[in-house]
Amino acid sequence: MIDILKQRFAAALTAITDDAEAYLDSIRPANDPKFGDYQANLAMPLAKKLSQPPRNVAQQIIANLNIGDICEEPEIAGPGFINLRLKNTFITEQLQKAAADTERLGVPVIDSAKRKTYIVDYSGPNVAKPMHVGHIRSTVIGSALARMLRFQGHNVITDNHLGDWGTQFGMIIYGYRNYLDRQAYQQNPVEELSRVYKIVRGKIDEPDEETAAAVLNETAKLHSGSEDNLKIWHEVLPYSKDEIDRIYRRLNITFDYTLGESFYQPMLADTVDDLLRQGIAKESDGAVGVFFDGDEVPFLVRKKDGAFLYGTTDLATVKYRLKKFKPDAVLYVVDFRQTLHFEHLFKTVRLLGINDVELTHIKFGTVLGEDGKPFKTRSGDTVGLNGLLDEAVRHAESLRSKEAEAITSGTSSAAEKIGIGAIIYADLSQNRESDYVFSYDKMLAMNGNTAAYMQYAYARIQSIFSRGNYTPSADGALQIEHPAERALGIELLKFGEVLDGALRDYRPNFLTAYLFELANRYSSFFEQCPVLKADSEELRTSRLNLCALTARTLQKGLELLGIETVERM
Ligand code: ARG
């Protein structure tokens, strides 16, 4: 909708200024329905530029504005705001278009000129350690962004940059040699490896210098190609990958590529040599790094002992990706604590003369427990991700008995969708840069900005359909009369512009906020406008069609976030 308005304003502005584009962003949904549905706040800045009174400029704009098919006569308010009220006929027309388009709900595919190739780098857990709650944010935020970009029509490549080559393997290999219980390992390799990992971790933390040195040695041997260590690496890696894949399946997460750190090992020596040759990196004390003015720490790419680092791998990864995928943008969905790492990485890439690719670190904060400290189990361990998902599903099951009225039927798979949807949604509905408090009760509340509330709204619509013996069809007629219908209709038409807004700064919480508003407007529509008992057959059909479009929009919105709907709750 906003795009149509912008086009009309752009046309009206050409007679007044030659940089119309610069002013169009000030056309926004009105904050208060008193001021209409949309508001254009461009007469004031234009007036300054033209040195004319703003109200006069607003009048000129309106005189040139060809908008009669969309809006009532525009009104000028205050110092020169232009208030726009959409015509009901126009709303109806647009809703009908959206309803007929069951796949895209009227949201156009992005212009081919604006179409980009994105690489989204997300999840990237360090394998061989159990996956914990800290891994969930990158995983769900990255996956949601990838889905949203794809829906817009971009070419999206997802890549899981697994940490499969780090020092944790030194610990595992050392533990494997010294502490492994063969029988337990045969029965449950992941659990046994995790036990062994914890023993070694504990020793290093003690600190036990001898173990620490032995672990470093095992890591170095692995990296220099020791057959024995590579054999253990090849043996344990699949177990831990299976474990991670199980979690991805539960969370509905997929990747086009899983090229872990190990994949880039053969390219690292050249990466460093290239930096040295171009004079971008320097040797200092035997180590090699890129030094930036004003930064205390350099971007290290080779240690004194010859070992390569996380940064070296990331640099090799950038080069490989540029060559193989020719992306316009690479998005790194990674914890804010790695801010400096990515600043250095991006600066180094630019020093290499690579400027034609957007590189963005999409940062996020920490998951906290209800005590406000990083989320841990009672025993102080980090919380394992599988256990966390199980617990959410258990909570979702108990929700059924508590809210027996609301939730009349459910299978365990419904509880799985509700429980896991709750976790995903709770994460995505936060401003990603803030820390957030993990609370099962809050995330599973039936009333509020939760997945359960959206899933419930969706299921409630399905139950209206079954009671009314109605099968939603795409060609249904629609009419807008009641103010609650109008408010719902306008919100439905915002889906596309909300996606644009959410992706402008990669913020899935714009989409959750929209779904919440939509569900609320649906709720007041449902309270005020009888559907199955509407006054006429025509009105009943129209309202059923409005319900159907609402259900589809909720479903599509949740789907883009990676959350499934349930037919009955
Ligand atoms: N394995 C890293 C970690 O757990 C995350 C990887 C993020 N992606 C990247 N290209 N550095 O912190």
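Bear in mind that the values in this text are calculations on the coordinates, not laboratory data. Treat the numbers as computed from the prediction; the structure is a model and nothing was measured. Ideal geometry is used to build each Cβ from the backbone, glycine not excepted, and the neighbour counts take in all protein chains shown.
Only Lys, Arg, Asp and Glu carry charge here, each on its Cβ (+1 for the first two, -1 for the last two); on that basis the stretch 184-296 has a dipole of about 600 debye about its Cα centre. Fully extending the segment from Lys282 to Arg201, taken as 0.36 nm per residue of separation minus the present Cα-Cα distance, adds 25.8 nm. Think of each Lys and Arg Cβ as +1 and each Asp and Glu Cβ as -1; about the Cα centre, that makes the dipole of the chain roughly 580 debye.
Helical runs assigned H by DSSP (4 residues or longer) give the chain a calculated mean residue ellipticity at 222 nm of -17000 deg cm²/dmol, each run adding -39500 (n - 2.57) before division by the residue total. Positive end of the dipole of the chain (Cβ unit charges, origin at the Cα centre): among Val330, Ile91, Gly170, the Cα lying farthest that way belongs to Ile91. Taking the Cα centre of the stretch 160-228 as reference, the dipole from Cβ charges on Lys and Arg (+1) and Asp and Glu (-1) amounts to some 140 debye. The slack in the chain from Ile4 to Glu72, taken as 0.36 nm per residue of separation less the alpha-carbon distance, amounts to 23.0 nm. Computed from label points 7 Å out along Cα-Cβ, the spacing between Ser536 and Lys231 is 8.4 nm. What shape does the stretch 248-331 have by the C-alpha gyration tensor, where a ≥ b ≥ c are the square roots of the eigenvalues, rounded means a/c under 1.5, and otherwise prolate means a/b greater than b/c and oblate the rest? Here the stretch 248-331 falls in the prolate category. Our summary gives the chain a relative contact order of 15 percent, counting only alpha carbon pairs under 8 angstrom and 6 or more residues apart. Measuring against 32 Å, Cα to Cα, the residue pairs Lys114/Lys494; Lys203/Lys304; Lys203/Lys282; Lys129/Lys319 contain Lys203/Lys282 as the ones spanning a longer distance.
For the stretch 210-251, the residue among Ala220, Ser240, Leu251 whose Cα projects farthest onto the positive side of the dipole built from Cβ charges is Leu251.
For the chain, the longest principal axis of the Cα atoms and the long axis of helix 339-351 meet at an angle of about 90 degrees. Here r is the Cβ-Cβ distance between Lys376 and Glu433 and R0 is 22 Å; the resulting FRET efficiency, rounded to 0.05, is 0.50. Does anything in the stretch 479-499 have its amide N under 17 Å from the 7 Å Cα→Cβ label point of Ala513, and if so which residues? Under 17 Å, as judged by backbone N against the label point of Ala513, lie 491-492, 494-499 of the stretch 479-499. For the pair Ser398 and His482, label points projected 7 Å from Cα toward Cβ lie 3.8 nm apart. Dipole orientation for the stretch 422-472: of the candidates Ile464, Ala451, Phe438, Ile464 has the Cα lying most toward the positive pole (charges on Cβ; Lys, Arg +1; Asp, Glu -1). Counting every other Cβ atom within 10 Å of each residue's Cβ, Phe90, Phe364 order from fewest to most as Phe90, Phe364. Near Ala426, once Lys and Arg are set to +1 and Asp and Glu to -1 for all other residues with Cβ below 14 Å from its Cβ, the sum equals -2. Here Asp285, Asp256 are placed in order of increasing Cβ neighbour count within 10 Å, fewest first, which gives Asp285, Asp256. Classify the stretch 1-135 as rounded, prolate or oblate from the Cα gyration tensor: take a ≥ b ≥ c as the square roots of its eigenvalues, call it rounded if a/c is under 1.5, otherwise prolate when a/b beats b/c and oblate if not. Prolate, because a/c is 1.5 or more and a/b exceeds b/c.
This ranking places Tyr320, Tyr436 by how few other beta-carbon atoms lie within 10 Å of each, fewest first, which gives Tyr320, Tyr436.
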